[in-house]
1. Can you compute the FRET efficiency between residue 35 and residue 67 using 1/(1 + (r/R0)^6), with r the Cβ-Cβ distance and R0 = 30 Å? Round to the nearest 0.05.
2. Mind pulling the angle between the C-alpha long axis of helix 40-54 and the longest principal axis of the chain? Nearest 10 degrees, somewhere in 0 to 90.
3. Say the dipole of the chain comes from +1 at the beta carbon of Lys and Arg and -1 at that of Asp and Glu; which of 47, 4, 19 then lies farthest toward its positive end?
4. Given H placed 1.01 Å from N in the peptide plane, which residues other than close sequence neighbours of residue 59 have an amide H under 5 Å from its amide H?
Amino acid sequence: MSCSALRYVQHRITEHPDTDVTFEAECLHCNWTAQPSTDSAAVDVECMSHTGRSNHKGFRRARTSFAMVVRAD
Ligand SMILES: [Zn+2]
């Protein structure tokens, strides 16, 4: 009979270094998309400008970040 030892290592997930959070938006009514930006307010302003031009009021917004799992020592 073999005897094995299990070893548990704690991990945590964190923002990946040297990466930015990116904000994007696309119109739900046409194929318009905002210029992706690290500034969420800039994307929001683009959406409002698109609404002013087109009367399209629905948008899909995405916030993208990069993560990495590291050992929690
Ligand atoms: Zn649109």
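The numbers here are math on the coordinates, done by the rules we state, and not lab data. Keep in mind the model is a prediction, meaning the values are calculated, not measured. Don't worry about glycine lacking a Cβ; one is built from the backbone with ideal geometry, like all the others, and counts go over all protein chains shown.
1. Values: r = 24 Å, r/R0 = 0.80.
Efficiency computed from Cβ-Cβ geometry: 0.80.
2. Roughly 30 degrees, rounded to the nearest 10.
3. Toward the positive end, the furthest listed residue is 4.
4. Under 5 Å from the amide H of residue 59: 28.
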